[in-house]
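In what follows, a structure is listed as structure tokens, so that the remarks can point back to it.
What follows draws every value from the coordinates through simple rules; no lab data is involved. From a predicted model like this one, the values you see are computed outputs, not experimental measurements. All Cβ positions, even for glycine, are placed from backbone atoms using ideal geometry, and neighbour counts span all protein chains on display.
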Amino acid sequence: MIKLRESTIFVSSMEEKIKILETGRLLLAPTDTIWGILCDATNPSAVDKVYDLKKRPDSKAMVCMVADLEMLQKHIDDLPEKLDHYINDQRPTTVIYNNPKGIAQNAISQENTVAIRIVNHQFCTPLIKAFGKPLISTSANISGAPHPKRFSDISQEIIIGVDHVIEIDTDKINPQPSRIIKIEATGEISLLRA
């Protein structure tokens, strides 16, 4: 039996989920890759809560999820044309972009880059569209521990450390994190994780 902390709340409507995000709190949810800890990617205090929960140094930037190309273009000015193949592929692909804007500074790397993925997922995509802003999505594990392949792999420390658990796809196994590519300063694309 999974134990939740006393302040963990159970919500059902989209409005309630949006309120959690707007008030800088954390969700635990399945994504298009693995289970993730989600928060408002524009809210530095919410991002700090994720770093604290994961016991992760804030020098390691986290992944942001956006709902579509239009939302991506609000945060990244210069999108290379050759990127289309990757971001329109069925395989979840995270891209490391240069010079982001409108993202919490503590979610951006020291090199002024940010990792963003356009998400195609039955829960995350409608949530991000309704929220209207990118979400942090980082693996639901303590830093250095294995990534959870299913909900039952998530540690109690993570489960009791979030404000709400999205109870869908709890039995689904999703062992594969996203492919990662990086746009170099030259505009060339490097594959970091196939």
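If you check LYS133, LYS129, which single one turns out to be under 14 Å from MET65 (Cβ atoms) and surrounded by fewer than 16 Cβ atoms within 10 Å (Cβ to Cβ)?
Values: LYS133 fails: surrounded by fewer than 16 Cβ atoms within 10 Å (Cβ to Cβ).
After ruling out the rest, the residue left standing is LYS129.
Give the range 57-101 a look and list any residue that's surrounded by 12 or more Cβ atoms within 10 Å (Cβ to Cβ), over 15 Å from LYS182 (Cβ atoms) and small (Gly, Ala, Ser), or say none.
Answer for the range 57-101, where residues must be surrounded by 12 or more Cβ atoms within 10 Å (Cβ to Cβ), over 15 Å from LYS182 (Cβ atoms) and small (Gly, Ala, Ser): just ALA67.
From (1) assigned to a helix (DSSP H, G or I); (2) hydrophobic (A, V, I, L, M, F, W, C); (3) out of contact with any Lys or Arg (no Cβ under 9 Å at 6 or more places or on another chain), pick out the condition that doesn't hold for ALA46.
All conditions are met except number (3).
Restricting attention to the range 13-55, and to residues there that are free of Cβ contacts under 8 Å to residues at least 12 places away in the same chain and among the charged types (D, E, K, R), which single residue is surrounded by the fewest Cβ atoms within 10 Å (Cβ to Cβ)? Give the derivation first.
To start, the set of residues in the range 13-55 that are free of Cβ contacts under 8 Å to residues at least 12 places away in the same chain comprises 13, 15-16, 19, 23, 52.
Checking which are among the charged types (D, E, K, R) leaves us with 15-16, 19, 52.
Values: GLU15: 9, GLU16: 12, LYS19: 13, ASP52: 11.
If we take residues in the range 13-55 being free of Cβ contacts under 8 Å to residues at least 12 places away in the same chain and among the charged types (D, E, K, R), then GLU15 is surrounded by the fewest Cβ atoms within 10 Å (Cβ to Cβ).
Given the residues ILE166, ILE160, which is the only one that is in contact with a strand residue (DSSP E or B) (Cβ under 7 Å, 6 or more places away or on another chain) and in contact (Cβ under 8 Å) with a residue 40 or more places away in the chain?
On the way: ILE160 fails: in contact with a strand residue (DSSP E or B) (Cβ under 7 Å, 6 or more places away or on another chain).
Residue meeting the stated conditions: ILE166.
Among the strands (runs of 3 or more DSSP E) lying completely within the range 90-194, list those that include at least 2 residues that are in contact with a Leu (Cβ under 9 Å, 6 or more places away or on another chain).
Strands (runs of 3 or more DSSP E) meeting the threshold: 93-98, 113-118, 135-139, 179-183.
Tell me which residues, restricted to the range 153-172, are surrounded by 11 or more Cβ atoms within 10 Å (Cβ to Cβ) and either more than 30 Å from GLU15 (Cβ to Cβ) or not hydrophobic (A, V, I, L, M, F, W, C) (or both).
Those that are surrounded by 11 or more Cβ atoms within 10 Å (Cβ to Cβ) and either more than 30 Å from GLU15 (Cβ to Cβ) or not hydrophobic (A, V, I, L, M, F, W, C) (or both): ASP153, SER155, GLN156, GLU157, GLY161, ASP163, HIS164, GLU167, ASP169, THR170, LYS172.
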